[in-house]
Amino acid sequence: MYFYQPSKGHGLPHDPFNAIIGPRPIGWISSRAPDGVLNLAPYSFFNAFNYRPPIIGFASTGWKDSVRNIAETGEFVWNLATRPLAEAMNITSTTLPPSVDEFALAGLTPEPSTVVGVPRVAESPVAMECIKIDIIRLKSAAGDPVDSWLTLGEVVGVHIDEALLKDGVYDTAAAFPILRAGGVGGYAQISPEVMFEMVRPDARR
C-alpha cells in the first residue's frame, strides 16, 4: 500500500485525492451579480445533502465570482452537465474577470427561471433553482481557516426534460451526465450500459 500524509506532500506526479474521491457530480452553477452580469462556472466539489427540504451545495477554492454573487443576491441555479454540453461546460471553467458573461462566451442560452431571478442553461435537460442557506468557510482539524467556501442552497424549483421521465421515473443514464474523475482533465460519463440495480435490504420489507 502506498501511504502518504497530505500535510507532508503526496510525492506523486499529480495529487490523487480528487481522483480517489470520484467520479464526482459537477456543480455547474449559474448566478447573477447585483449589477446584472451573469456568471456560469463548474465546481467539482458538489453534491446533494438532504431530501426534505432538498439541499445541494458546492465548495469553491477561493472567494470566486459565483460565491460572491450568491452571497450578495441569495440565489443560484444548478445545471446538469451532460456529454453533449461537455465542451461548453469546460469553456465556462476559464478564469475570467467578473464583467465577462460565461453564457455568452460558451454560446449558451440563459433561460429565465420560475422562482429565482437567476437564469438556467436552456440547453441543459435538468436544472434546480436554489435559495442560499449558508456560506461556510471551511477549516482544518486544528481550527485554522482555509481558503475554501461551502455554499449550501435549498432547491425551490426543478426543471426536467420530459424525455428523461420514463413512466414517471427519472432516467439518470438517459441524460448522459458527466462527472469529474480527477487528474489534469479526467472525466467520466454515465450511460445506460454501465447502470445496474441493487435494492437495499431494508427496502425489501
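Tabulated data for the structure shown
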| item | result |
| --- | --- |
| Count of the range 10-48 residues which are touching an Asp or Glu at 6+ places or on another chain (Cβ under 8 Å) and under 25 Å from residue 126 (Cβ atoms) | 8 |
| Answer residue from the range 159-185, given it is in contact with a Gly (Cβ under 7 Å, 6 or more places away or on another chain) and not hydrophobic (A, V, I, L, M, F, W, C) and is farthest from residue 26 (Cα to Cα) among those | 182 |
| Scan of the range 132-148 for residues that are among the acidic types (Asp, Glu) and either in a strand (DSSP E or B) or touching a residue at least 12 places away in the same chain (Cβ under 8 Å) (or both), ordered by number | 134, 147 |
| Near pairs, Cβ below 8 angstrom, 6+ apart or cross-chain, from the range 149-178 (closer than 26 Å to residue 116 by Cα) to any residue that is hydroxyl-bearing (Ser, Thr, Tyr) and surrounded by fewer than 18 Cβ atoms within 10 Å (Cβ to Cβ) | 157/114; 159/114; 160/170; 164/170 |
| Unique residue being in contact (Cβ under 8 Å) with a residue 24 or more places away in the chain and hydrophobic (A, V, I, L, M, F, W, C) when the list is 194, 126 | 126 |
| All positions within the range 112-131 that are assigned to a strand (DSSP E or B) and buried (at least 18 other Cβ atoms within 10 Å of the Cβ) | 120, 121, 126, 127, 128, 129, 130 |
| Scan of the range 1-20 for residues that are in a loop (DSSP other than H, G, I, E, B), without any contact (Cβ under 8 Å) to a residue 60 or more places away in the chain and not small (Gly, Ala, Ser), ordered by number | 1, 2, 3, 4, 5, 10, 12, 13, 15 |
| Filtered residue count, the range 180-205, keeping only those that are within 27 Å of residue 19 (Cβ to Cβ) and not in a loop (DSSP other than H, G, I, E, B) | 10 |
| Selection within the range 45-71 - farther than 13 Å from residue 151 by Cα and either in contact (Cβ under 8 Å) with a residue 60 or more places away in the chain or not aromatic (Phe, Trp, Tyr) (or both) | 50, 52, 53, 54 |
| Breaking point among (1) outside any loop (DSSP other than H, G, I, E, B); (2) of a type in the set (A, V, I, L, M, F, W, C); (3) within 26 Å of residue 59 (Cα to Cα), for residue 163 | (3) |
| Pairs where the first residue, in the range 96-119, is over 15 Å from residue 35 (Cα atoms) and the second is of a type in the set (Phe, Trp, Tyr) and part of a helix (DSSP H, G or I), C-beta under 9 Å, 6+ apart | 109/103; 110/103 |
| Of residues in the range 22-44 being in contact (Cβ under 8 Å) with a residue 24 or more places away in the chain and in a loop (DSSP other than H, G, I, E, B), the one nearest to residue 110 (Cα to Cα) | 37 |
| Looking only at the range 143-159, and only at residues there that are more than 11 Å from residue 77 (Cα to Cα) and touching a helix residue (DSSP H, G or I) at 6+ places or on another chain (Cβ under 8 Å), the one that is surrounded by the fewest Cβ atoms within 10 Å (Cβ to Cβ) | 149 |
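Just so you know, all these numbers are worked out from the coordinates, no wet-lab data involved. Small disclaimer: the values here were computed from a predicted structure and weren't measured. Methodologically, a virtual Cβ is constructed for each residue, glycine included, from the backbone with ideal geometry; neighbour enumeration extends over all protein chains shown.
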